[in-house]
Amino acid sequence: MDTFNIEDYPHQRLNPLTGDWVLVSPHRAKRPWQGQIEKPADHNRPSFDPTCYLCPRNGRAGGKINPDYKGTFVFTNDFSALLSDTPYGEVSEGGLFRAKSESGICKVICFSENHGLTIPEMKVSDIQKVVDVWCDQFAELGASKNIGYVQIFENKGAIMGCSNPHPHGQIWSSSSIPVEPAKESKTQKAYFEKNGSTLLGDYLKAELEKKERLVVQNNHFVALVPFWATWPFETMIISRRAVQNILELTNDEKTALADIYKKLTIKYDNLFEVSFAYSAGLHQAPTDGKNYPEWHLHMHFYPPLLRSATVKKFMVGYEMLAMPQRDITPEQAAKRLCDLPDIHYKKRES
Ligand SMILES: [Zn+2]
Ligand SMILES: [Zn+2]
């Protein structure tokens, strides 16, 4: 037997942001794959769909009509998961039946009036308008006394349960800090108190030296496959400068965020030459009025596809009952993404 190394032997990796571990099985990536590799027809969608409730001038639930908007359009979700007028209260019966009220506001942002576009196909200047809306919404919602956290996210693709292909994202803001950001808040605070620098700032510095998991970068942001990635092609965008939230970004940094959002999603689309599904979202400091110098702005991308346009990674069995597991290593995933062309496959074909 050889000495232990993480290229060849099964091992666990720690996610320092959540404190969770992931099982990596590099030897299994070598096993033969006998399933069918098929590519679904990648239809070009029309720029307007009369049945789409997000297109300009179309009707939504409750008789509301969308304005004839150009660029971005924000509205309160017609079927919000959180309501702003939920009365405060708690239920606790002997500690085993605990519940507490939660209030908030859920919004939808259309990224473009064009039904047929996606982020990788949009112009950087148009994606920057999306970033500007994130900033406006974060400022407005975060300033509310009853909002402790603002979660900005995008669900893309039917495989992620996204019911409408119109390019759009969501913002759910809540009175309390949700589970994932709460975990990351705790770990980042502990790290900052011990080291006097942000966890992700130091992590990014080390990744830029190692150069093993980098995917794309620009002057202000780096996209990489984290050492502890769980999903096969999971990535993170990390700001080079440690900022608590998007409101601290300069104009140049906002343009750079739009730029790297496009560059990374082009890589994703090029991987299997299909419009690549994912759940992505920003993680930033809570908005409960406290100062969070330990928080370092970043964006997670959790895509489910594994080895083709149709073969998805399932988190089942061992993952549900024991812990998440992956075969292709984060280093192999990063190399594949990094080596892909920077030009969108649809543009290359034409
Ligand atoms: Zn539409
Ligand atoms: Zn995070």
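The values are calculated or read from the model by the stated rules, or taken from the named source; none is laboratory data. Since the structure is predicted, the reported quantities are computational estimates derived from the model, not experimental observations. Methodologically, a virtual Cβ is constructed for each residue, glycine included, from the backbone with ideal geometry; neighbour enumeration extends over all protein chains shown.
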- Note on the structure: Residue count, the range 161-185, condition within 27 Å of K145 (Cβ to Cβ) and in contact (Cβ under 8 Å) with a residue 40 or more places away in the chain, comes to 14
- Name the residue, out of S176, S125, that is touching a Phe, Trp or Tyr at 6+ places or on another chain (Cβ under 9 Å), at pLDDT 95 or above and hydroxyl-bearing (S, T, Y). S176
- Task: Check off (1) crowded, with 21+ Cβ neighbours inside 10 Å; (2) modelled with pLDDT under 95 for Q284 and give me the number that stays unchecked.
- Result: (2)
- Item | Residues within the range 272-294 that are part of a loop (DSSP other than H, G, I, E, B) and among the aromatic types (F, W, Y), tallied | 2
- Query: Out of the range 297-333, which residues are touching a residue at least 60 places away in the same chain (Cβ under 8 Å) and either within 16 Å of ligand 1 (Cβ to nearest atom) or touching a His at 6+ places or on another chain (Cβ under 9 Å) (or both)?
  - Reply: H298, M299, H300, D327
- Query: Only one of these conditions is not met by F227: (1) under 19 Å from Q284 (Cα atoms); (2) in contact with a helix residue (DSSP H, G or I) (Cβ under 9 Å, 6 or more places away or on another chain); (3) within 15 Å of ligand 2 (Cβ to nearest atom). Which number is it?
  - Reply: (1)
- Could you give every pair whose Cβ atoms fall below 6 Å, whose first residue belongs to the range 85-100 and is closer than 13 Å to S176 by Cβ, and whose second residue is at pLDDT 90 or above and surrounded by 10 or more Cβ atoms within 10 Å (Cβ to Cβ), counting only separations of at least 6 or pairs across chains? T86/S101; T86/S103; Y88/S101; E90/K100
- Note on the structure: Out of (1) more than 15 Å from ligand 2 (Cβ to nearest atom); (2) modelled with pLDDT of 95 or more; (3) surrounded by 15 or more Cβ atoms within 10 Å (Cβ to Cβ), the one E193 does not meet is (3)
- Item | Boolean, L141 is more than 16 Å from ligand 2 (Cβ to nearest atom), within 30 Å of N251 (Cα to Cα) and either of a type in the set (V, I, T) or not in a loop (DSSP other than H, G, I, E, B) (or both) | yes
- Looking at the range 72-90, which of its residues are polar (S, T, N, Q) and surrounded by 14 or more Cβ atoms within 10 Å (Cβ to Cβ)? T72, N77, S80, S84
- Flagged in the range 115-126 as assigned to a helix (DSSP H, G or I) and either touching an Asp or Glu at 6+ places or on another chain (Cβ under 8 Å) or more than 19 Å from C55 (Cα to Cα) (or both), in numbering order, are I119, P120, V124, S125
- Listed residues T250, T235, T255; which is crowded, with 22+ Cβ neighbours inside 10 Å, modelled with pLDDT of 95 or more and of a type in the set (V, I, T)? T235
